[in-house]
1. List the number of the failed condition for Lys14; all other conditions in (1) in a loop (DSSP other than H, G, I, E, B); (2) surrounded by 12 or more Cβ atoms within 10 Å (Cβ to Cβ); (3) out of contact with any strand residue (DSSP E or B) (no Cβ under 9 Å at 6 or more places or on another chain) hold.
2. May I ask you to list the residues in region 37-83 that are under 20 Å from Asp21 (Cβ atoms), assigned to a loop (DSSP other than H, G, I, E, B) and in contact (Cβ under 8 Å) with a residue 12 or more places away in the chain?
3. Output the number of residues of region 28-53 satisfying the condition of being touching a Leu at 6+ places or on another chain (Cβ under 6 Å) and open to solvent by 30 Å² or more (accessible area, probe 1.4 Å).
4. What tally of residues in region 17-34 results from selecting those that are in a loop (DSSP other than H, G, I, E, B) and either farther than 14 Å from Phe56 by Cβ or without any contact (Cβ under 8 Å) to a residue 12 or more places away in the chain (or both)?
5. Any idea which residue in region 2-19 is farthest from Gln40 (Cα to Cα), counting only those that are in contact with a helix residue (DSSP H, G or I) (Cβ under 6 Å, 6 or more places away or on another chain) and of a type in the set (A, V, I, L, M)?
6. As an exercise: evaluate Asp81 against (1) charged (D, E, K, R); (2) in contact with a strand residue (DSSP E or B) (Cβ under 8 Å, 6 or more places away or on another chain); (3) exposed (fewer than 10 other Cβ atoms within 10 Å of the Cβ) and give the number of the one condition it does not meet.
7. Among the residues of region 54-69, write down those that are open to solvent by less than 40 Å² (accessible area, probe 1.4 Å) and farther than 13 Å from Asp81 by Cβ.
8. Modelled with pLDDT of 95 or more and in contact with a Lys or Arg (Cβ under 7 Å, 6 or more places away or on another chain): which single residue out of Val63, Val46 fits that description?
Amino acid sequence: MRLDKFLKVSRIIKRRTVANDACDSGRAQINGRQAKAGTQVKVGDVVTLFFGDKEFSFKILQVNENAKKQECSDMYEVISDEV
């Protein structure tokens, strides 16, 4: 699954276009390397997002094409949420 779609489906970022912009502007990393919106993610990947001075890291536990609101938090595990 593409990174921008994962961010949308897991509801980490509300809109896919916003996720796409965040990834393509260099504010996303997968396993410590820069990632574009089209980068494929898989179970076990560690994703880090940078928003201003905030850093949000999480590990992917599931990759689902569709997820209900209650299932979204099961798709990832928060590693760090630093300011």
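The values are calculated or read from the model by the stated rules, or taken from the named source; none is laboratory data. Quantities reported herein were computed from a predicted structural model and do not represent experimental measurements. Note that we place each Cβ from the backbone using ideal geometry, even for glycine, and neighbour counts take in every protein chain shown. Calculation scope for accessible area: heavy atoms of the full protein, side chains included, ligands and nucleic acids excluded. Shrake-Rupley method; radii C 1.70, N 1.55, O 1.52, S 1.80 Å.
1. (2)
2. Scanning region 37-83 gives Ala37, Gly38, Thr39, Val41, Asp53.
3. 1
4. 4
5. Ile13
6. (3)
7. Those that are open to solvent by less than 40 Å² (accessible area, probe 1.4 Å) and farther than 13 Å from Asp81 by Cβ: Ile60, Ala67.
8. Only one candidate qualifies: Val46.
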